[in-house]
1. Filter segment 38-81 for residues that are open to solvent by less than 90 Å² (accessible area, probe 1.4 Å), touching a helix residue (DSSP H, G or I) at 6+ places or on another chain (Cβ under 9 Å) and at pLDDT 85 or above and give the result.
2. Within segment 52-70, is there a residue that is in contact with a Leu (Cβ under 9 Å, 6 or more places away or on another chain) and part of a helix (DSSP H, G or I)?
3. Quick check on segment 102-119: of everything there that is within 46 Å of the chain's Cα centre (by Cα) and of a type in the set (A, V, I, L, M), which residue is modelled with the lowest pLDDT?
Amino acid sequence: MYAAAAGAAAITALLFFTIALFVWLRESYGTVEACLALGLIYLVVALAALAAVFVLQRRHPEPPPAPKKAAPQWWQDPMILTTGLEAARILGPRKAVTLAAVAAFVVGFFVTGSRLKKP
């Protein structure tokens with residue numbers, strides 16, 4: 001909050017100093033010359049800031065993007081684990097082991113089945 005107040009005060013001070021400089025330049029040199037002088041001053045400030053940005057970016061290049069984390073596998077999903085544990089609890093240990101053995105056989109059959117077929 002204090003930083004915002006300090007920033008607002010700095011902008012207000014810059015505004016009043018600019019107005020005072022414009023009035024002084026207008027009285028001394030005329031309106032067009034005062035406008036051109038202030039425009040030139042602000043152009044020099046903007047170019048200096050732009051040069052500073054380029055120098056700082058060259059000195060500190062952007063870090064490479066972080067590698068993306070792989071999506072968790074389906075067996076690491078808490079919902080799947082909870083469902084599997086609940087099914088094992090409902091089936092009981094004997095039926096759960098039998099079902100797991102049959103499932104392992106079926107998965108093994110489908111995984112190696114394409115290799116056993118002859119063209």
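The values are calculated or read from the model by the stated rules, or taken from the named source; none is laboratory data. All values reported here derive from a predicted model rather than from experimental measurement. Here Cβ is always computed from backbone atoms with ideal geometry, including for glycine, and neighbour counts include all displayed protein chains. Side chains are part of the model used for accessible areas, which takes the heavy atoms of the whole protein and leaves out ligands, DNA and RNA. Shrake-Rupley method; radii C 1.70, N 1.55, O 1.52, S 1.80 Å.
1. Passing the criteria: L38, I41.
2. As a first pass, look at segment 52-70 and keep what is in contact with a Leu (Cβ under 9 Å, 6 or more places away or on another chain): none.
Within segment 52-70, not a single residue is in contact with a Leu (Cβ under 9 Å, 6 or more places away or on another chain) and part of a helix (DSSP H, G or I).
3. In this case the residue turns out to be V111.
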